[in-house]
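In what follows, a single structure is set out as structure tokens and then discussed.
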Amino acid sequence: SWEAKEDRQGVASLKPPHLPRVYQNIESLKSDGTCDQLFMNIHWGYEYSDYYSKKQRRLARSFIDHGVDGIIGHHPHVLQGMELYKGKPILYSLGNFVFLVGSKEARNTGVFLLDFEDGSFTGGKIIPICVYKCKANLIEVDSSRAEDIFTKLNKLSKRNGIQVDLEGNITLHP
């Protein structure tokens, strides 16, 4: 198990009994001036599913309600949609970056550049990546593979007010 325990280091658990402590840590980091922006990187979700769960959405929003400025999720091994909540981005799954998989979908990922102004997300850019033999390879933006990545992310995100164009630009679409 990767879970942190009282007597060993590890990954913080998101089990319900631990959530009050997670919320307390978020609030403490935000209030003491430790950081300008606080992002959570969360290992969650169902493997190989293009869609995040209602539970993930509730959790992500609760973290933002307690002070987190953005969520970056991973674990499903495929790209999932993005949404904006109270001006803060939630990227449910970035897919894989280095992982041995046979699925074309699981090889598609990207580097996400996020722009902020006065603490609010204003847009960004996706640099498309294909993982092959545990190597992250840049993909030409005008290639069909990049178009597949951008089209998928747009489809999964547009209902949440975020648009991804065929050049990888992320814009708000109210």
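The values are calculated or read from the model by the stated rules, or taken from the named source; none is laboratory data. Treat the numbers as computed from the prediction; the structure is a model and nothing was measured. Glycine also receives a Cβ, built like all others from the backbone with ideal geometry; neighbour counts cover every protein chain displayed. Remember, those area values only see protein heavy atoms, side chains included, never the ligands or the DNA or RNA. Shrake-Rupley method; radii C 1.70, N 1.55, O 1.52, S 1.80 Å.
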Looking at the chain from every direction and averaging, what is the projected area of its Cα convex hull in nm²? 10.9 nm²
Only Lys, Arg, Asp and Glu count, each charged at its Cβ (+1, +1, -1, -1), so figure out the dipole size of the range 95-158 about its Cα centre, rounded to 20 debye. 420 debye
Within the range 64-113: Cβ-based charge dipole about Cα centre, in debye rounded to nearest 20 (Lys, Arg +1; Asp, Glu -1): 140 debye
Need one value: the accessible area of Met40 in square angstrom, 1.4 angstrom probe, rounded to the nearest 10. 40 Å²
Kirkwood Rh, Cα atoms: Rg over Rh of the range 72-174: 0.96
I'd like the projected area of the range 14-53, averaged over all directions, using the convex hull of its alpha carbons. Report it in nm² with one decimal. 3.8 nm²
Please report, in Å, the Rg and the Dmax of the range 1-71, where both are computed over Cα atoms only. 13.2, 39
Chymotrypsin sites (Phe, Trp or Tyr not before Pro) within the range 44-73, DSSP loop, no more than 13 other Cβ atoms inside 10 Å: Tyr48
Total charge dipole magnitude, the chain, about the Cα centre, Cβ charges on Lys, Arg, Asp, Glu only, Debye to nearest 20: 680 debye
With the cut-off at 21 Å, tell me which of the pairs Lys88/Lys135; Lys30/Lys158; Lys55/Lys125; Lys88/Lys158; Lys135/Lys155; Lys15/Lys135 have Cα atoms farther apart than that. Lys88/Lys135; Lys30/Lys158; Lys55/Lys125; Lys135/Lys155; Lys15/Lys135
